[in-house]
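The values are calculated or read from the model by the stated rules, or taken from the named source; none is laboratory data. For clarity, every value in this text was computed on a predicted model and none was experimentally measured. In this analysis, Cβ positions are derived from the backbone assuming ideal geometry, glycine residues included, and neighbour counts consider all displayed protein chains. Just so you know, the surface numbers come from the protein's heavy atoms only, side chains and all, with ligands and any DNA or RNA stripped out. Shrake-Rupley method; radii C 1.70, N 1.55, O 1.52, S 1.80 Å.
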Amino acid sequence: MAVTFKMQVTDIGNKEEGKVWHRKPTPGKSVLVTVVRSAQQGKTVRFLQVSFDSTGDTFLAGDHHGNIYVFDISRNRFRLVQKVGQTCTALAFNLRRTTEFLVALADYTIKCFDIDTKQMVSWMRGHEGAVSSVSVHSSGRYAITTSLDTAQLWDMDTFQRKRKLTVRQSVGIQKVFFLPLSNTILSCFSDDSIFAWESDTLFCKYQLPFPECGPRISYKAFAVTRDGKKLVAGGRSNLLHLWCLDSRQLIRVVQMPTQVRTVRQLDFLPDSFDAGASQTLGVLSQDGVMRFINIHTCKLLFHIGSPDNAITAVSVSPNGRHVAAIMDNGSINVYSVQSLTQEFNKPPPSQVAVVSGGEADRGLPKLKVKVRSDVSQRPAKAQTKVLRPPCVSTAEDKENELPAGLNKKRLVAMLKAFGEYPAKYRMFVWRSLLCLPENLAAYSSLTDRGLHPAYLTLHEKYPIKSHKLQRGLQRVLSALAHWAAIFGETDYLPLVAFPFVKLFQNNPLLCFEVVATVIVNWCQHYFEYFPNPPINILSMAENVLAHHDKEMLQHLVDCGVTSQVYVWPLLETLFSEVLTRDEWLRLFDNVFTNHPSFLLMACVAYVTCCREPLLLCSQKEDFEYFFHHRNNLDLGAMIKEAYRLMGSTPADIHPRNMLSDFTPLTKGQYPVFNHYPEFIVEYQSREREKIQLQEMEYLRERQEVSALRTDFVRRQAEEEAYYTQQELLQKAEEQRRNLLAQEEEKLTQQRAKLAAMKRELKVKELQLLDAARRRFLKHQQDQRASQIQRLDQEINRKKDLRERETAASVQDLDVRQIELEIQRKRLEQHMWREQERVGWEVEEEVRMREAEKEESSYPELLRNTNAKLQTQALEQSLAEACQLGLESDWQREMAECLERVDVEQERNRQTLTELHMQTLAQEERLANSMSDVAGKKWDEVMSSRAQLQEQNQPLSSADTADGDTQMRLRPPCSARGLPHRPRATAADHASTTTAGIHTDTAGNSTTATTSKHAGNHTVCLNSPPASESTYTNFSLDRGRAQLDSSERELLKEVRELRQKLAARAKEASTASSQSVHTLSSFTQ
């Protein structure tokens, strides 16, 4: 059923604090208030995250601007506590320090802030993706942050990361969270696998089996009941899987209406009377409607939200009174659960009725699971009556008022009517009767000290099959021992605490406080005679028994049985050894409801109700066995007897007068417990420590003795083994010697046979070696002969090839030499004709000048004549010097040519071809150089003619007629003929050099030819004209003779070089034949 009223809207705007609502919400309204935050220009700032604290009256809310607000519903106040500057992705309260909270931000970091100081406490980094959820342990000490690729466990005391869970990229993490009231971590992955881990050791406890049949749900949302026993998972389907974590089995598949296609969020709605076993589940689907169903009856109870006003996220208060929902428009709606349903938060009698009909049934389709309406069998008055506090309270009513709205007087009436409390609400009633303070911080301070040394070896004395139960018992006993030192010395304390540990194994805090309350109230004066049993308490029970059943007491006394045998076993075990679980629960329903003296009356009632079998017992061992084992007993009769004893026992012996009334534990911190002889406890502690030290010393000495004994035994064994081994070795040595003697005889015989065989084999081997050697020598001789033959053929072939190449080169050089000789002769003829012509012209001009000079001046002529004679002498000496220089140059050139010939002998046919090409290029350059020589010759003739004219100018003024003093001058060509020789010589030298470069074996003939050409050219240049004067014709024939002699010498040297080359070739062939002969001899 969905109830709609006009909602009260609160716009917080830019306020930092104020009231949540301005007028008190009207009772019956489902929506208490709608909180919006408007910004400038009428824009609305959307809220993204919301989270309640442990009280359920305060919740945090964060918007997409990074503002964090805290709303206190009970005080009707809100205030801005932090501005983080970026979008928050998750919020979490319930830390050990109640004023601190965690915020997961869009930059993948987590920050911790303090509400009161508004300061940042810590900044935690480590995620590489957005944090989707934050789960805090019930103690507030640890927190788990989850992103798509990793989950990290943080210590909230140091804000340091303890562990990190990473998965493959193909398998993402959906959610990792703590189970309530336990140290188990549940991890859910995208492949629908669910694992449970121990938070202390991170040991994998179990994995929930995936359903083999049915469609895959692809889990996205998870919810766990407050007692941590049931898990609901949903995803991309309208199916919900309900798991039992104790049996680790899928117990139910719930199908939601057809409008539900995807489950976004799941949350259980806590119930004050269900002891944490939540039955109402809220399912937020893709249409923005959150439907609340009963997981046992699969009945749709009510829903909030609608497709038009959709819900995006929800947070349910731990006390089950309010639901904070973030709407699609960014506002926050605060719902009152009490107004949404009339079947919620009612006393136990009305909880058995099933909700039926209503607007919810007409507005929404029913679930596919059909529900049968059950009618309560309890009195009609109990079904319809609504518990309401009276208008005027009296002192008696105040005394009977209990926490959570219960009344002790009415509970007593219920207990008398039914004999027990409803099993479903028993834990809730006990918590109310005992007024448990739930001091989480104080309990955590006790458990943080770890296990008490007195209970480290508890499993040895009290072995328990269940490890979880064993650890829970150790934890509770250690907390008690840390609370008061006496509990570390009490031997029977595990027997007292064990039934409560088994009953509250999923909630260690409640277990500890129940045990502490029982010790403080129902174990009064137990420790005054420590370490002996409480004689005073046992005396009270004995006095009551003596008053009501003297015969029974006399029988016990006659059998020598004291109260330590028939009362103390019941008290130190709290009847857990003699009663079944259900009987024990029924008994303690009455014990917790009545005065602490009721427990002693129950002991006496047990004895009196078992009067007949006890009267038949006569041995003390029988009594001891009777009070330590279960017996056939009507528990109802025993409880009635206890009530009768409570009412009929005289006041002077009634335990009520000696025992104090019920006193609950104080809130915040537990009371100081010192009702015991401290000196005895301290003495026992010192003695225990002393004994422990002595035990440690004894163990150490025992270990040393054991080590020495082990060492002694080892050495003794080694010594015995050594002697045994020596004896065996001696025997083996004798046997070995006998065997060796026998083997030596056999070996001698075998050696003789072997020597004979070796001789025969040696002879055969020598014969075979001789035959093989002869065959091998013959084979080598054949190979060497064929090799020598091949080498001779190769040498002859190369020799013929070289001779043919040399002959061809000589022929080419001869042809080239003839061509050069022809060209030289043509050039000499041309130059001779030009020289004669120039000589005649110069002679004619000289004659004319001489005539003119003779006419001008005879003395001047004499001087000039002397000067000319001196000049001619100088010219003659210069010509001789030039001739000597030319000869030295020719000799040097000849030496260089010889050296080049020696080098060129080693070159191959390819180099000869290249040099031939170079020779052709040199011939072209030679022709060019010869033309240049002719041009330069004409230039010299013209320059000498000009000089002669300048010298004859002073003689033109004097004209002498003396004919005797006339002298014939040498023609200019003769005077200037000497420069022609170097030119021709240079040209001939170039041709000689070219011819020498192109020669290989016939280089000497080329050099001789070149020298002959040079000699002929020189003779041509030195030939005098026919008209030359006799007194000026100095010996040019002498130079020609020298040239002829030098030419002959050059020809002689060329012949010698050819002879040397032939001798060297012959020596080379001889050396090669010798090397072949040496190789053949070496091979042999």
Probe 1.4 Å, all protein chains present, accessible-area order of Tyr723, Tyr421, largest first = Tyr723, Tyr421
Contact order normalised by residue count of the range 455-528, Cα under 8 Å, 6+ apart, percent = 26 percent
request  = Starting from the amide H of Asp192, placed 1.01 Å from N in the peptide plane, find each other amide H under 5 Å away whose residue is 5 or more places distant or on another chain.
outcome  = Tyr219
query = Does the range 209-350 come out rounded, prolate or oblate, given a ≥ b ≥ c as the square roots of the eigenvalues of its C-alpha gyration tensor, rounded meaning a/c under 1.5 and, failing that, prolate meaning a/b above b/c?
reply = oblate
task = Enumerate the amide H contacts of Gln286 below 5 Å, restricted to partners 5 or more residues apart or on another chain; note that Pro and chain-start residues carry no placed amide H.
result = Arg261, Thr262, Arg264
ask   = So between Ala1062 and Gln119, what do we pick up on full extension, going 0.36 nm a residue minus the alpha carbon distance?
value = 327.9 nm
remark   = For the Thr55, Glu695 Cβ pair and Förster radius 51 Å, calculated FRET efficiency rounded to 0.05 is 0.55
query = Where does each of Leu1051, Leu231 land when they are ordered by accessible area, with a 1.4 Å probe and the largest first?
reply = Leu1051, Leu231
message = With every protein chain left in place and a probe of 1.4 Å, what is the accessible surface of Thr666, to the nearest 10 Å²?
response = 60 Å²
remark   = PRE zone check, label point 7 Å out along Cα-to-Cβ of Val557, amide N under 16 Å, scope the range 515-541, hits 539-541
note = Largest-first ranking of Cys298, Cys204 by accessible area, probe 1.4 Å, whole protein assembly kept, is Cys204, Cys298
query = Debye sum, Cα scatterers, the range 701-794, no solvent: what log₁₀ I/I(0) at q = 0.15, 0.22, 0.26 1/Å?
reply = -0.86, -1.05, -1.15
message = Restricting things to Cα coordinates, could you compute the convex hull volume per residue of the range 50-173 in Å³?
response = 98 Å³
ask   = Which entries in the list Lys15/Lys118; Lys230/Lys502; Lys83/Lys175; Lys798/Lys1066; Lys19/Lys83; Lys29/Lys118 go over 23 Å, if you measure between the two C-alpha atoms of each?
value = Lys83/Lys175; Lys29/Lys118
key: Per-residue HN-Hα couplings for the range 717-726 [Karplus 6.51, -1.76, 1.60; θ = phi - 60°; Hz; x = Gly/Pro]   = 5, 5, 5, 4, 5, 5, 5, 4, 5, 5
remark   = Taking only C-alpha positions in the range 91-234, Rg and Dmax in angstrom work out to 15.5, 55
remark   = Rounded to the nearest 10 Å², the 1.4 Å probe accessible area of Thr99 is 40 Å²
query = Using θ = phi - 60° and the Karplus curve 6.51 cos²θ - 1.76 cosθ + 1.60, what whole-Hz ³J(HN,Hα) does each residue of the range 600-608 get, with Gly and Pro shown as x?
reply = 5, 5, 5, 5, 5, 4, 4, 5, 6
Gained length - Asp652 relative to Gln725, 0.36 nm times residue gap less alpha-carbon distance = 17.4 nm
request  = Using only protein heavy atoms and a 1.4 Å probe, report how much of Ser466 is accessible, in Å² to the nearest 10.
outcome  = 50 Å²
request  = State the extension gain, in nm to one decimal, for the chain segment bounded by Glu841 and Leu80, taking 0.36 nm per residue of separation less the distance between their alpha-carbons.
outcome  = 260.4 nm
ask   = R0 = 60 Å: FRET efficiency of Thr44 with His628, Cβ-based, nearest 0.05?
value = 0.25
Two-site FRET efficiency, Arg161 against Arg261, from Cβ-Cβ distance with R₀ of 35 Å, rounded to 0.05 = 0.35
Mean separation of Cα contacts under 8 Å, 6 or more apart, over the residue count of the range 33-122: relative contact order % = 18 percent
remark   = Using alpha carbon positions and the Kirkwood radius, the Rg to Rh ratio of the range 401-548 is 1.01
ask   = Between Ala808 and Ala881, what is the spin-label point distance in nm, taking each point 7 Å from the Cα along the Cα→C-beta axis?
value = 5.1 nm
note = One checks the Cα atoms of the range 553-706 and finds Rg and Dmax, in Å, of 20.9, 66
task = Scan around Lys299 for amide H atoms under 5 Å from its own, H built in the peptide plane at 1.01 Å from N, and keep only partners 5 or more places away or cross-chain.
result = Asn294
Principal axes of the range 181-272: Cα extent on each, largest first, Å = 43, 35, 21
note = Two pseudo-spin positions, 7 Å from Cα along C-beta at Gln793 and at His64, lie apart in nanometres by 10.3 nm
